Amino acid sequence: MLHRALRLLRTYHQLKQTDLADRLGISNSYLSEIEKGVKAPSMELLGAYARHFKMPVSSILLFSESIGEPRKPSTRVRVAAADKILRLLEWIDERDTVQEHA
């Protein structure tokens, strides 16, 4: 889920992957792998995201999830809420993209 949030954060700010990769000091291919969920970002990189987008790391981490660990009820609620937020933002992003190309 974190990879979806990071991609939406970039697209919301109308940045191309290459531009954000340059600003974060990473390769475009690495950023692409992060946004696809192939690789996980380090805490250091999440800090760079937070500084660049002027937001707390904790706001970004809202969209992280622990895989393989038993989930407490509060964790399940947080993950479900974060997923719903991401679905809404993805729908808005897709709608805006369709309107731009129309």
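The values are calculated or read from the model by the stated rules, or taken from the named source; none is laboratory data. Keep in mind that this is a model prediction, so the values were computed, not measured. Glycine also receives a Cβ, built like all others from the backbone with ideal geometry; neighbour counts cover every protein chain displayed. When the accessible area is computed, the model is the full protein with side chains, heavy atoms only, and any ligands, DNA or RNA have been set aside. Shrake-Rupley method; radii C 1.70, N 1.55, O 1.52, S 1.80 Å.
Quick notes on this one:
- Positions within region 2-13 being buried (at least 16 other Cβ atoms within 10 Å of the Cβ) and not polar (S, T, N, Q), in sequence order: LEU2, HIS3, ARG4, ALA5, LEU6, ARG7, LEU8, LEU9, ARG10
- Output for region 14-31, where each listed residue is assigned to a loop (DSSP other than H, G, I, E, B), open to solvent by less than 80 Å² (accessible area, probe 1.4 Å) and either in contact with a Pro (Cβ under 6 Å, 6 or more places away or on another chain) or not hydroxyl-bearing (Ser, Thr, Tyr) (or both): LEU15, GLY25, ILE26
- Selection status of GLU35, open to solvent by 60 Å² or more (accessible area, probe 1.4 Å), part of a helix (DSSP H, G or I) and among the charged types (D, E, K, R): no
- Qualifying residues in region 38-51 (those that are in a helix (DSSP H, G or I) and open to solvent by 60 Å² or more (accessible area, probe 1.4 Å)) - the one nearest to ALA82 (Cα to Cα): MET43
- Residue match in region 39-47 (condition: of a type in the set (Lys, Arg), modelled with pLDDT under 90 and farther than 23 Å from ILE92 by Cα): no
- Any pair with Cβ under 8 angstrom, 6 or more apart, that starts in region 86-102 at a residue that is in a helix (DSSP H, G or I) and ends at one that is open to solvent by 100 Å² or more (accessible area, probe 1.4 Å) and at pLDDT 75 or above: LEU89/TYR12; ASP93/TYR12
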